[in-house]
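The values are calculated or read from the model by the stated rules, or taken from the named source; none is laboratory data. Keep in mind it's a predicted model, so treat the numbers as computed, not measured. Cβ coordinates were reconstructed from backbone atoms using ideal geometry, including for glycine residues, and neighbour counts include every protein chain displayed. Heads up: the accessible areas ignore ligands, DNA and RNA and are worked out on the full protein's heavy atoms, side chains in. Shrake-Rupley method; radii C 1.70, N 1.55, O 1.52, S 1.80 Å.
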Amino acid sequence: MAPPLTTEKTTFTRDVLGRYLANTWEEAVQSASTRPFDIVIVGGGSFGSVLAQSLFYRDAQAKKHRILVLEAGLLGAPEHVQNLPVLGLGVPAATSIAELRSRGQDRQPQQELWGLPWHSATRFPGLAYCLGGRSIYFGGWSPRLLPAETADWPAAVLADLNGRFFDEAAEQIGTNQTNDFIFGPLHTALRQQLLDGIQGGQVSSTVPLSELPLHLDEVAAGEEDLSRLEAPLAVETRTRPGCFPINKFSALPLLLKATRVAQGESGGDDAKKRLMVVPDVHVTRLVTEGGRVTRIETQRGALALPEGGVVVLAAATIESARLALLSFPEVPNYDRIGKNLLAHLRSNLTIRIPRTAIAGLAPAVHELAASALFVKGRHTYGDGKVGHFHLQITAAGLDSVGSDSEAELFKKIPDIDTFDKFLHATDTHVVLTLRGIGEMEPQNPASSVRLDPEPDEFGVPRAFVSLAPSAKDRELWDAMDQTADDAALVFAGAEAYEVQTGAGFVPVAAGQPPLSVLGFGPRRDGLGTTHHEAGTLAMGEDPTRSVTDADGRFHHVANAYALCPGLFPSTGSPNPMLTGVALARRMAVHLTSPSPVFAPGGGFTALFDGVDVSKWRMAGEGRFLAAGGILEAVPGNGLGLFWHTVPTPGDFTLILDWMRTREDDNSGVFLRFPNPDGRGYQNTAWVGVHYGFEVQIDERAQPDGAPEHRTGAIYGQPGQTLTPRPALPPGQWNTFEIQVAGQTYTVLLNGEPVSAYTFVPGSDPDPERGLPSASGSPRFVGLQAHTGRVRFRNIRIAG
C-alpha cells in the first residue's frame, strides 16, 4: 500500500487547503472496497457542494450514508473571490472553441480556472472548473420566484419550496438580512425616490409592491413597500451569537467545513469517512443495467455503484444534459433531454446624475455612499400570457468622475487608509447602473443541447448548444428596457444627466429618456453571458413531457437524479442561486428521510407499508430490495417468488401499484398458493406456478403474443374473458385491483377491467390448485422475480 499522500509543496505555497479538503481517486476507490459510497454527486460546484454538506449533516446521527463528490476541476479559491484581497480572478470574456483555437488557446484555462467544453454559435464565458464552481464568482442578486413564475412547476415541488426550503435557502445565503453594509443616506434617499416614482405611476410594467414577498426577516411597520425595494443580496453580515458571517455567499466554505468534520470523525481511516471530495475527475458516462445506474465511468477509471446507491448529476446545466444524453440513450423520453434550454435576457444602462437630483440627500453628507435596489416587472403578451423581469439597480457616489456603480459594492475594504479616504470624499455625482434581467420563453424549439460529432479530450462527444430568442423574448426585452428608462428618469428628477455609451458619457436634457442617446440594442448582453442556463432536464409529472420527476429523479432511471438549474421547467427572472440551494436542501431531505409508511385505511390491511419486510420471504432465485417505500425485483438465474407469510382471507381484494423499468420487463402477482416449503421442489418458486394463479405483467405477452400471456391476464388459463388494455409506459405507476371471490378472479388495470376468469375445480391435474385459505390449508400471495427490475408499492388486502 502506498504511503498516505501528505501536503505538497510548490515553488510558492504548501497545499494545505487542497490536501485537507480533498482525497485522491485512488484513496476513494480503495476505501470503497471496504465501504461503498451509496450517494455519488457528479459536480462539486454551486449546488453539488450544498447538497453534499446538507446530506452529511442530516445523516450525522444515523451515519447510514457515504457520500462521494466528483469534481472535474481543482481547488482555486477557498471562498468567494470578493471576500479575498484583490486577486484579479475575474470572469473571462465570452468566446467560442473556434475562437480559442484561432488564438492557440484551446484547452487552456481562461483566467486560471475557466474552460469552455461545448460548441455553439452563441459565445459563452464557459464554466469555472473548480470546487465551488461559479458560486465563488456570482454577483449575489438572489430574488425569490413568484408563484406566477412557477405555474408549470410540479405542485409537490412548489409546496416544499414555499413551505420551507425557500426560507432555509435565504437564511443560508444571507438574503433574509438587511443590507446594512450599504445602508446609508444615499441608499435611503434613492429608495424613497424610487418608491415615490413607482407609486406615482412613473415606472411602467412594474409588479405592484403588495404582490411581492417580504424577503427580509425584520421589517418595521409601515415600511413593507420600502423593504420590497431592498436588493436580495447573498451577503451575510450578521449571524447567530458566537458565529462569524461568511460575507458574500459561495458554496465552497460549506463543503470545506463538512469534509473537515468527516475527517475528524474518521480518525484518519478513509473507509470511515462519510464524505469524500475528489477533484480532477471527469465523469464520462453512467452505465445502466435494468433501469439503474450500476457503474460510473471517468477518465481515471470506473466506480461501481452499490445496490441501493444513487447518483446525482450536479454539474452545470449544459454539462449535466450532455452526461444524460451520453448515459441514457435507451430511456423512452430520451428526446426530451436537452430540450427547453433557457437563459436570461440581460441589459445594462448606466447613468450619472448630479447629487442635487436626489431630493432626500442632505447637502452635508460627504461620506462614501452606495446603494442597491430591486424592481420587479412583468409584461403581458398578446395571447394573455405573462413574462417577468427585474431591475438590479446599483449606485455609488464617488469623489472623482467615474463609471463603476459597483466600485465598492459587496467588496471588502481591507485597510484603514482606504476607508479614511472614503470618509472624506466630496461627492458631486452619483453613478447608477440599471441592469435588467428577463426570463426567456420556455419550450422554444430553437434552443436546446445536443451531442456534437467532435469528441472532447476524453473521447466522448462534446455538447452543441443552440440558444436563440423568440419573438416573445424580444418583446419582453423591449418592455424591460423601457422600464429601465422610466426608472432612470425617476432618479434624474428634473435635472439634466448623462448616459454612458460606447463613446463615453453623453449629456441628456432633463426629462429626455436614455433611449434618446442610447438605443436598446447596444445596451444588451449576449445570451450566453448570464451564467444562468437552465431547463434542459426539466421536472414534471408527465414523463412524455419532462425529463425528471418532482424529486429530480430521471423518470426511467431508478437511481439517477439531477440537481442544477436544468431542473427548472421555467426560470422566471431570478438568478438561479436561491432556487438551486433550496432544491439542494430539499433533495438532501428526500434522500436521507426514512422510507414512507403506507397506511391504507378503508378496511384494507397493508402487506407492505414501505418499510417492514419481516413478514415476507424469498423462494427460488433472485431477491427483492426494499427502499424508498418500494419493493424492487432483482431477478436471478431462475424463477423467484417473494411471498407474504400471513395467509390471505378465503375471499379477498388485493390492490397494489407496479412499475416497469423497461419495455421487456416480465413479472406477475401470484394468488392462492400454499407454503412453498416442504413440497420437494428444488426451486420452491414453482409452487406458486403449479398450485396458484398468476396475474401477468408482460406487455410483450411472451413467448407467443397470446392474449392470455399479456398484462392483466390470468396467465395461461383458457376460457377467460379478456379486454386487453395497454399498461402505462416504463417509469409510470400502474395499479392492479384483483378481486377473488369463490373461484372467480377479476382483474382491473388502472381502474378498467382487463380479465375475468372462473376456475372449475377438477379441471386441473392438481386438485389443490386455487384452493382458498381454510382450516389446515393456508394460502398466500406473492410477487414474481422473472425478467427486469419491476417495482411494487402500496400493497394492501381486504377480505
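Details
- Failed criterion for Arg35 (all others in (1) touching an Asp or Glu at 6+ places or on another chain (Cβ under 6 Å); (2) in contact (Cβ under 8 Å) with a residue 40 or more places away in the chain; (3) charged (D, E, K, R); (4) surrounded by fewer than 18 Cβ atoms within 10 Å (Cβ to Cβ) hold): (1)
- Summed over region 264-288, residues that are open to solvent by 20 Å² or more (accessible area, probe 1.4 Å) and basic (Lys, Arg) total 2.
- If you filter region 244-270 down to residues that are closer than 23 Å to Ile136 by Cα and hydroxyl-bearing (Ser, Thr, Tyr), you find that the one that is farthest from the chain's Cα centre (by Cα) is Thr259.
- Residue in region 770-779 that is surrounded by fewer than 20 Cβ atoms within 10 Å (Cβ to Cβ) and assigned to a strand (DSSP E or B) present: yes
- Members of region 629-644 found to be touching a residue at least 40 places away in the same chain (Cβ under 8 Å) and open to solvent by 30 Å² or more (accessible area, probe 1.4 Å), listed by number: Ile630, Pro635, Gly636
- Some residue of region 441-448 being farther than 25 Å from Leu373 by Cα, in contact with a Lys or Arg (Cβ under 7 Å, 6 or more places away or on another chain) and assigned to a loop (DSSP other than H, G, I, E, B): yes
- Subset of region 615-628 [buried (at least 16 other Cβ atoms within 10 Å of the Cβ) and assigned to a loop (DSSP other than H, G, I, E, B)]: Glu621, Gly622, Gly628
- Test: residue in region 313-322 that is in a loop (DSSP other than H, G, I, E, B), over 30 Å from Leu625 (Cβ atoms), within 19 Å of the chain's Cα centre (by Cα) and modelled with pLDDT of 95 or more: yes
- Residues being within 17 Å of Glu699 (Cα to Cα) and out of contact with any Asp or Glu (no Cβ under 6 Å at 6 or more places or on another chain) - total across region 733-782: 9
- Residue ID - nearest to the chain's Cα centre (by Cα), chosen from residues in region 727-756 that are surrounded by 20 or more Cβ atoms within 10 Å (Cβ to Cβ), not in a loop (DSSP other than H, G, I, E, B) and not aliphatic (A, V, I, L, M): Phe736
- Filter result for Ala706 (open to solvent by less than 50 Å² (accessible area, probe 1.4 Å) and either in contact with a helix residue (DSSP H, G or I) (Cβ under 9 Å, 6 or more places away or on another chain) or within 20 Å of Leu749 (Cβ to Cβ) (or both)): yes
- Residues of region 602-628 that are free of Cβ contacts under 8 Å to residues at least 40 places away in the same chain and on the phi > 0 side of the Ramachandran plot: Gly628 alone.
- Verdict on Asp452 being within 30 Å of Arg107 (Cα to Cα), out of contact with any Leu (no Cβ under 7 Å at 6 or more places or on another chain) and among the charged types (D, E, K, R): yes
- Residues of region 570-593 that are out of contact with any Pro (no Cβ under 6 Å at 6 or more places or on another chain), open to solvent by less than 10 Å² (accessible area, probe 1.4 Å) and outside any helix (DSSP H, G or I): Thr571, Gly572, Ser573.
- The number of residues in region 576-634 that are aliphatic (A, V, I, L, M) and in contact with a Leu (Cβ under 9 Å, 6 or more places away or on another chain) comes to 15.
- Every residue from region 429-450 that is at pLDDT 95 or above and open to solvent by 20 Å² or more (accessible area, probe 1.4 Å): Arg435, Glu441, Pro442, Gln443, Asn444, Pro445, Ala446, Ser448, Arg450
- The residues listed here are Leu489, Leu476; of these, the one that is open to solvent by 30 Å² or more (accessible area, probe 1.4 Å), within 27 Å of Val386 (Cβ to Cβ) and in a helix (DSSP H, G or I) is Leu489.
- Count of region 153-208 residues which are in contact with a Pro (Cβ under 6 Å, 6 or more places away or on another chain) and either among the hydroxyl-bearing types (Ser, Thr, Tyr) or open to solvent by 50 Å² or more (accessible area, probe 1.4 Å) (or both): 1
- Residue within region 594-604 that is polar (S, T, N, Q), surrounded by fewer than 16 Cβ atoms within 10 Å (Cβ to Cβ) and over 21 Å from Val646 (Cα atoms) present: yes
Let's see how each residue does on (1) crowded, with 19+ Cβ neighbours inside 10 Å; (2) in contact with a strand residue (DSSP E or B) (Cβ under 6 Å, 6 or more places away or on another chain):
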{"residue": "Val42", "(1), (2)": "yes, yes"}
{"residue": "Leu55", "(1), (2)": "yes, yes"}
{"residue": "Arg58", "(1), (2)": "no, no"}
{"residue": "Ser96", "(1), (2)": "no, no"}
{"residue": "Gln105", "(1), (2)": "no, no"}
{"residue": "Ile136", "(1), (2)": "yes, no"}
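- Of everything in region 496-538 that is farther than 23 Å from Ile437 by Cα and open to solvent by less than 40 Å² (accessible area, probe 1.4 Å), the residue that is modelled with the lowest pLDDT is Gly504.
- Residue within region 193-212 that is under 25 Å from the mean Cα position of the chain (by Cα) and in a loop (DSSP other than H, G, I, E, B) present: yes
- Filter result (charged (D, E, K, R) and either at pLDDT 95 or above or open to solvent by 30 Å² or more (accessible area, probe 1.4 Å) (or both)) within region 289-312: Glu289, Arg295, Glu297, Arg300, Glu307
- Check on Asp59, over 20 Å from Val281 (Cβ atoms), touching a residue at least 24 places away in the same chain (Cβ under 8 Å) and touching a His at 6+ places or on another chain (Cβ under 7 Å): yes
- Taking region 652-674 as the range and being open to solvent by 30 Å² or more (accessible area, probe 1.4 Å) and at pLDDT 95 or above as the test, only Thr653 passes.
Yes/no per residue for (1) assigned to a strand (DSSP E or B); (2) modelled with pLDDT of 90 or more; (3) aliphatic (A, V, I, L, M); (4) surrounded by fewer than 18 Cβ atoms within 10 Å (Cβ to Cβ):
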| position | (1), (2), (3), (4) |
| --- | --- |
| Glu330 | no, yes, no, yes |
| Lys339 | no, yes, no, no |
| Leu349 | yes, yes, yes, no |
| Arg352 | yes, yes, no, no |
| Ile393 | yes, yes, yes, no |
| Val401 | no, no, yes, yes |
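- Lone unmet requirement of (1) aliphatic (A, V, I, L, M); (2) over 27 Å from the mean Cα position of the chain (by Cα); (3) part of a loop (DSSP other than H, G, I, E, B) for Leu100: (3)
- Filter result for Pro647 (open to solvent by 60 Å² or more (accessible area, probe 1.4 Å), in contact with a strand residue (DSSP E or B) (Cβ under 9 Å, 6 or more places away or on another chain) and under 25 Å from Glu737 (Cβ atoms)): yes
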